[in-house]
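The values are calculated or read from the model by the stated rules, or taken from the named source; none is laboratory data. Since this is a predicted model, take the numbers as computed values, not measurements. All Cβ positions, glycine included, derive from the backbone under ideal geometry; neighbour counts span all protein chains shown.
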């Protein structure tokens, strides 16, 4: 796994043989090792791009607890996201492992949201 952050580029990019994953890490709070809630784009060799929102199990629990306290989302009674992917632990490495399997199995087309090129 090769990670790259380029000055001026908002993405942390990971290049794998079968896909390129671009993560929108918050430079003030996230690191490649600790990120627990992130939007990502997965570019496939066929030109398709798939959007995912990736959470850890602990991050989902944290959000539900916060919403219970704030009254949001029916007092934290549920959690959902259209393009959600939940991984067992924080960090880009765990997220890449999950994406790798989604691409291998073809499930990326069910889990992610296709991003059509608007050009």
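Number of residues in the range 1-20 that are more than 13 Å from residue 103 (Cβ to Cβ), at pLDDT 95 or above and outside any strand (DSSP E or B): the value is 0. Of the residues making up the range 33-54, just one is under 13 Å from residue 96 (Cβ atoms) and over 12 Å from the mean Cα position of the chain (by Cα), namely 33.
Under the condition of being out of contact with any strand residue (DSSP E or B) (no Cβ under 8 Å at 6 or more places or on another chain) and more than 23 Å from residue 30 (Cβ to Cβ), the residues counted in the range 77-115 number 7. Of all residues in the range 32-58, exactly one satisfies the criterion of being surrounded by fewer than 21 Cβ atoms within 10 Å (Cβ to Cβ), outside any loop (DSSP other than H, G, I, E, B) and either at positive phi or in contact with a helix residue (DSSP H, G or I) (Cβ under 7 Å, 6 or more places away or on another chain) (or both), namely 37. Scanning the range 63-90 for residues that are buried (at least 17 other Cβ atoms within 10 Å of the Cβ) and either touching a residue at least 60 places away in the same chain (Cβ under 8 Å) or not in a helix (DSSP H, G or I) (or both) yields a count of 3. Against the list (1) more than 12 Å from the chain's Cα centre (by Cα); (2) at pLDDT 95 or above, the condition residue 23 fails is (1).
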